[in-house]
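Notes to accompany the following structure.
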Amino acid sequence: MLSWQARNRTLQRGEIPLLMGIVNVTPDSFSDGGQYNSLTSAVDHALSLIEAGADILDIGGESTRPGATPVSVQEELDRTIPVVEALAKRSDVPLSIDTTKAEVARQAVAAGASIINDISGMTFDVQMVDVASRSQAGICLMHIKGTPQTMQQDPHYDNVVREVSDFLAARIQVCVAAGISRERICIDPGIGFGKTADHNLTLMKSIPFLRQTHHCPVLIGHSRKRFLSKILGRAVEERTAGTIGVSVALAENGADLLRVHDVRATRDALIAWKAVRL
């Protein structure tokens, strides 16, 4: 089993993957934008995810859906830091800050976050690697092709697994050179971030290769995403069952962490899968 160091914590998959509950403090996220766009509603939602069995909470203040409009550093700080502070006082569940901005990451760690989850693999902000190195936080490096504004404009790969793996290898090398131990690094192939539905499916089948190649835990963020429409023909509000089905397959493929909206239903399905699995 691969372990992940996040400040003074050691996170490790058990018989089912760890579940990272999504807390979007945004007005425009693709699935739940505006539902938890206040301190009270965001904290209440986060606490309900903990009650449902979330192992980690991932708090984000900027939508990264295709075509999303970027927000300023100050706006992102105003959205996220009060939530991190409030949750750090009310729970000991590890908190992750979902950001590409070094200053947001720095302040979130100071407020109680123990994980930095950067969808750019720390490429959008040149200060992020230094902030991450000093923080002792767990780091999640994700692959993205382009930016949220451009990533779904006809993405192309000659070999999607190899190209994503090479990107992750290069980013791991940068982190290690900056003093971030490999034990602090988790990798994410970036489902939906500059990929077609077929690219996403191929990458989710490649989890054993990614784990063996990089010796890092693998996180998958597939919840309610657009590739499910190609499989199911369902609108975003009808993708829960498809998300759960993929979650079970990802557990079978060896994923260490799953980033999901529907924590309780996903956990129930995984526990049931574990009970009958040979």
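Let's see how each residue does on (1) farther than 26 Å from V174 by Cβ; (2) among the aliphatic types (A, V, I, L, M):
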{"site": "S63", "(1), (2)": "yes, no"}
{"site": "S96", "(1), (2)": "no, no"}
{"site": "A110", "(1), (2)": "no, yes"}
{"site": "A132", "(1), (2)": "no, yes"}
Can you name the number of the only condition in (1) farther than 14 Å from T26 by Cβ; (2) open to solvent by 20 Å² or more (accessible area, probe 1.4 Å) that I81 fails?
(2)
Candidates G14, G67 - the one that is in a loop (DSSP other than H, G, I, E, B) and over 19 Å from G221 (Cβ atoms):
G14
May I ask you to verify whether V131 is farther than 20 Å from M20 by Cβ and part of a loop (DSSP other than H, G, I, E, B)?
no
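Okay, residues lined up against (1) among the aliphatic types (A, V, I, L, M); (2) open to solvent by less than 60 Å² (accessible area, probe 1.4 Å); (3) within 21 Å of V25 (Cα to Cα); (4) not in a loop (DSSP other than H, G, I, E, B):
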residue	(1), (2), (3), (4)
A113	yes, yes, yes, no
V126	yes, no, no, no
D158	no, no, no, no
R162	no, no, no, yes
A170	yes, yes, no, yes
Q173	no, no, no, yes
If we scan segment 186-204, do we find a residue that is loosely packed, with under 15 Cβ neighbours inside 10 Å and of a type in the set (K, R)?
no
Consider only pairs whose beta carbons are under 7 Å apart and that are at least six residues apart or on different chains; among these, list those whose first residue lies in segment 103-115 and is over 12 Å from A132 (Cα atoms) and at pLDDT 95 or above and whose second residue is among the charged types (D, E, K, R) and open to solvent by 30 Å² or more (accessible area, probe 1.4 Å).
A111/E85; G112/E85
Quick one: what pairs do we get from segment 249-278, first residue polar (S, T, N, Q), second open to solvent by 40 Å² or more (accessible area, probe 1.4 Å) and at pLDDT 95 or above, C-beta under 7 Å, 6+ apart or different chains?
N253/K205; N253/P208
Give the residue, chosen from L258, L270, L203, L210, that is under 25 Å from L47 (Cα atoms), at pLDDT 95 or above, in contact with a Pro (Cβ under 9 Å, 6 or more places away or on another chain) and assigned to a helix (DSSP H, G or I).
L270
Can you report the number of residues in segment 225-235 which are open to solvent by less than 50 Å² (accessible area, probe 1.4 Å) and small (G, A, S)?
2
Can you find even one residue in segment 24-35 that is in a strand (DSSP E or B), modelled with pLDDT under 95 and of a type outside the set (D, E)?
yes
I180 versus (1) hydrophobic (A, V, I, L, M, F, W, C); (2) surrounded by 22 or more Cβ atoms within 10 Å (Cβ to Cβ); (3) within 18 Å of the chain's Cα centre (by Cα): which is the lone unmet condition?
(3)
Could you look through segment 236-255, keep only residues that are open to solvent by 40 Å² or more (accessible area, probe 1.4 Å) and either assigned to a loop (DSSP other than H, G, I, E, B) or of a type in the set (D, E) (or both), and pick out the one that is modelled with the highest pLDDT?
E252
Lone unmet requirement of (1) closer than 30 Å to S229 by Cα; (2) part of a loop (DSSP other than H, G, I, E, B); (3) of a type outside the set (F, W, Y) for V93
(1)
Evaluate the following for K195: is it in contact with a Gly (Cβ under 9 Å, 6 or more places away or on another chain), part of a loop (DSSP other than H, G, I, E, B), basic (K, R) and farther than 30 Å from R90 by Cα?
no
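The values are calculated or read from the model by the stated rules, or taken from the named source; none is laboratory data. Bear in mind the structure is a predicted one, so any value in this text is a computation, not a measurement. A quick note on method: Cβ atoms are made from the backbone with ideal geometry, for glycine too, and the neighbour counts reach across all protein chains shown. Just so you know, the surface numbers come from the protein's heavy atoms only, side chains and all, with ligands and any DNA or RNA stripped out. Shrake-Rupley method; radii C 1.70, N 1.55, O 1.52, S 1.80 Å.
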